[in-house]
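Structure first, commentary second.
The values are calculated or read from the model by the stated rules, or taken from the named source; none is laboratory data. These numbers come from a predicted model, not from an experiment. Positions of Cβ are generated from backbone atoms using ideal geometry, with glycine treated the same way; all protein chains shown enter the neighbour counts.
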Amino acid sequence: MAFGKRWAFYAPDIFEGQWWRAVSYLFVHAGALHLLMNMGGLWVLGPFVERAFGRLRYAAIYLISGFTGSAVYLILTRLGVIQPDELVGASGCIMGLLAPRVRSCCALGFGNEPPWHDRSSSAAAGSRAAGLLRSNDATSRSLAHALGLLGGFVSALLFAKS
């Protein structure tokens, strides 16, 4: 992963001025399986979120989810709460796209359910999110996924059509 190492998210390098790593890591993956898993998540979740929120809001939710993970991860690293680790991939963004499905399942008072609402996929999304959040695995990768999910919830709240 020599190419990925140069573009991976690594807090100490970002603090030393390699600011592009805070964005480029979203486009570099740890291998073919990692890329395929993220593509699968995007293929399953993307159309639903795009239909519910529109193209621009969909893109914003995706990017805000990834950047939320970056920003909070940097802050926690700077404060010494977590140890720096190299991160790659768009998994945080994909988890952010999961958030509107979970909110659909939880019915957080968004008014009418979007046309793509169905109980089975929302229940699966909620189950995945709950499993992630109650996991005892406090690795940096799990944290990045959870922060992406958080970014998705916040941006879904902000961009909900009234």
>> Among the numbered criteria (1) farther than 20 Å from PHE153 by Cα; (2) buried (at least 23 other Cβ atoms within 10 Å of the Cβ); (3) among the hydrophobic types (A, V, I, L, M, F, W, C), which one does VAL81 miss?
In response: (2)
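So, in segment 52-78, of the ones that are aromatic (Phe, Trp, Tyr) and without any contact (Cβ under 8 Å) to a residue 40 or more places away in the chain, which residue ends up surrounded by the fewest Cβ atoms within 10 Å (Cβ to Cβ)? It would help to see each step written out before you state the result.
Kept after step one, since they are aromatic (Phe, Trp, Tyr), are these residues of segment 52-78: 53, 58, 62, 67, 73.
Pick out the ones that are also without any contact (Cβ under 8 Å) to a residue 40 or more places away in the chain and you get 58, 62.
On the way: TYR58: 21, TYR62: 26.
Selected residue: TYR58.
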> Within segment 72-96, which residues are within 13 Å of HIS145 (Cα to Cα) and either outside any helix (DSSP H, G or I) or not polar (S, T, N, Q) (or both)?
Replying inline: VAL72, TYR73, LEU87, VAL88, GLY89, ALA90, GLY92, CYS93, ILE94, MET95, GLY96
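If you take the residues in segment 4-22 that are part of a helix (DSSP H, G or I) and not hydrophobic (A, V, I, L, M, F, W, C), which one is nearest to LEU76 (Cα to Cα)? It would help to see each step written out before you state the result.
Quick first cut of segment 4-22, residues part of a helix (DSSP H, G or I) only: 4-7, 11-15, 21-22.
Pick out the ones that are also not hydrophobic (A, V, I, L, M, F, W, C) and you get 4-6, 12-13, 21.
Details: GLY4: 23, LYS5: 21, ARG6: 22, PRO12: 12, ASP13: 15, ARG21: 17 Å.
Filtering segment 4-22 for residues that are part of a helix (DSSP H, G or I) and not hydrophobic (A, V, I, L, M, F, W, C), the one nearest to LEU76 (Cα to Cα) comes out as PRO12.
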>> Which count do you get for residues in segment 23-51 that are touching a helix residue (DSSP H, G or I) at 6+ places or on another chain (Cβ under 6 Å), part of a helix (DSSP H, G or I) and crowded, with 20+ Cβ neighbours inside 10 Å?
In response: 3
> If you go through segment 2-24, how many residues are over 23 Å from ALA156 (Cβ atoms) and in contact (Cβ under 8 Å) with a residue 40 or more places away in the chain?
Replying inline: 10
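Yes/no matrix, rows are residues, columns are (1) closer than 21 Å to ALA160 by Cβ; (2) touching a helix residue (DSSP H, G or I) at 6+ places or on another chain (Cβ under 7 Å):
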site: ARG6; (1), (2): no, no
site: PHE9; (1), (2): no, yes
site: ILE75; (1), (2): no, no
site: VAL81; (1), (2): no, no
site: PRO84; (1), (2): no, yes
site: CYS93; (1), (2): yes, yes
>> If SER91 meets every condition in (1) more than 30 Å from ASP13 (Cα to Cα); (2) at pLDDT 55 or above; (3) of a type in the set (S, T, N, Q) apart from one, which number is that one?
In response: (1)
